[in-house]
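Peer 1: One structure, as structure tokens, below. Some questions next.
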Amino acid sequence: MSVPRVLDGKAFMNKDFEAVTLPAPWRMYSDWTSFIHPDPEVQALRNAAPVRGHGDYELHVECLKREDAPDASFEHFIANRLRESLNANYRAEPKDASKQFHFRAWYHAQRLAAMPVAEQAASYVKSLPYYRAPVEMLWGLSNFGDLRWDGVETSDQLPDHAAPRTDGADAPAEDGSMLLPTIYADVEPDLMHQDIAAIREKQLDRLNHIPQMRRGSLLRHAMAEEIDKELQPLSALCRKHGTFGEAVLPGAFDPITGFFLKAYDGNFEGALIETEIHFYDISLATS
């Protein structure tokens with residue numbers, strides 16, 4: 001596996017760039033309440049089984065085919081992405097900014113110098129689990145493979161009957177409601193349709209640990225139906241695209257050939273990525 005070319009903010013200081021018009025990219029967006037994806041089947045799955053980010057979050061993913069922007073190098077792609085953010089609060093651009101732009105001002109130098117250095121970016125790429133591919137960054141940032149089936153269920157009660165009881169922390173509250181054990185699966189981007197059966201069996205086995213209640217058997221049945229409701233379309237996506245990752249992201253497993261780490265801190269993580277076929281802009285903001 002070849003070593004990706006890694007760039008940092010210092011590589012763009014005092015540089016001039018010719019402006020390049022980039023076509024509209026492929027886009028995916030997710031937050032705590034919504035999920036938007038160009039493929040309606042992926043969107044339907046993730047709206048039914050939301051991405052469980054770290055608290056309030058915004059996940060932005062953009063992908064551009066390099067053949068659609070033949071005049072843009074990876075440096076041009078990075079510079080165009082940096083141009084808007086670095087000049088967000090300033091207007092000082094060349095008079096012919098439609099043709100060229102640069103990063104020569106003092107505020108450019110300050111913000112470029114504050115970005116992660118190349119050594120940190122290289123370390124980040126090396127930390128990707130196996131493929132060193134864009135989909136692994138997506139999975140790592142967003143917990144994209146996390147599927148959960150849990151919630152609060154209320155037991156059957158009559159006005160003159162006490163709520164059913166069990167011992168320990170799983171005892172129902174006075175109104176009969178009970179916090180259920182977490183039923184979850186952490187699926188990898190290389191998940192294939194033939195892997196779904198084993199995931200289903202594992203989740204159904206976990207249902208046996210739901211505390212006995214008056215409606216315990218009905219509750220297990222309802223949750224089993226919910227698990228099947230989400231795993232069946234997931235299996236169909238994997239069968240159609242080969243893997244879950246390929247259903248979610250174009251060129252998911254293409255090796256990273258270029259990498260620019262925009263930020264890597266507690267509230268914002270993001271990178272610009274190059275492969276032989278695509279450019280990517282992937283970022284996660286949390287609060």
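Peer 1: Which residue pairs have Cβ atoms closer than 9 Å, lie 6 or more positions apart in sequence or on different chains, and pair a first residue in the range 31-47 that is in contact (Cβ under 8 Å) with a residue 60 or more places away in the chain with a second residue that is of a type in the set (S, T, N, Q)?
Peer 2: Every condition considered, the pairs that remain are H37/S30; H37/Q43.
Yes or no, residue by residue, for (1) of a type in the set (K, R); (2) over 30 Å from Q120 (Cβ atoms):
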position	(1), (2)
L22	no, no
R27	yes, no
A44	no, yes
A49	no, yes
P70	no, yes
R83	yes, no
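Peer 1: Could you give me the residue pairs with C-beta distances under 7 Å whose first residue belongs to the range 218-245 and is open to solvent by 10 Å² or more (accessible area, probe 1.4 Å), whose second residue is β-branched (V, I, T) wherever it lies, and which are 6+ apart or on separate chains?
Peer 2: So the pair list comes out as L219/I210; R220/I210; M223/I183; S235/I196.
Peer 1: Identify, by number, the condition in (1) under 30 Å from D8 (Cβ atoms); (2) open to solvent by 20 Å² or more (accessible area, probe 1.4 Å); (3) at pLDDT below 90 that A263 doesn't meet.
Peer 2: (2)
Peer 1: A follow-up question, please. Looking at the range 141-208, what strands (runs of 3 or more DSSP E) fall wholly within it and have at least 3 residues that are within 28 Å of P250 (Cα to Cα) and at pLDDT 50 or above?
Peer 2: Ranges flagged: 146-149, 183-186.
Peer 1: Kindly indicate the residue of the range 100-140 that is of a type in the set (K, R) and part of a helix (DSSP H, G or I) and also nearest to E18 (Cα to Cα) among those meeting that condition.
Peer 2: R111
Peer 1: When the residues of the range 48-69 are narrowed to those that are open to solvent by 60 Å² or more (accessible area, probe 1.4 Å) and in contact with a strand residue (DSSP E or B) (Cβ under 7 Å, 6 or more places away or on another chain), which ends up modelled with the lowest pLDDT?
Peer 2: H54
Peer 1: Could you list, in sequence order, the residues of the range 217-255 that are assigned to a loop (DSSP other than H, G, I, E, B) and at negative phi?
Peer 2: T243, L249, P250, A252, F253, D254, P255
Peer 1: Could you grab the pairs with beta carbons closer than 9 Å, sequence gap of 6+ or different chains, first residue in the range 98-121 and among the small types (G, A, S) and at pLDDT below 85, second one assigned to a helix (DSSP H, G or I) and open to solvent by less than 50 Å² (accessible area, probe 1.4 Å)?
Peer 2: Partner pairs satisfying both residue conditions: A105/L86.
The values are calculated or read from the model by the stated rules, or taken from the named source; none is laboratory data. As the structure is a computational prediction, the values presented were derived from the model and not from experiment. Neighbour counts run over all protein chains shown; Cβ positions are idealised from the backbone, glycine included. Side chains included, ligands, DNA and RNA excluded: accessible areas come from the protein's heavy atoms. Shrake-Rupley method; radii C 1.70, N 1.55, O 1.52, S 1.80 Å.
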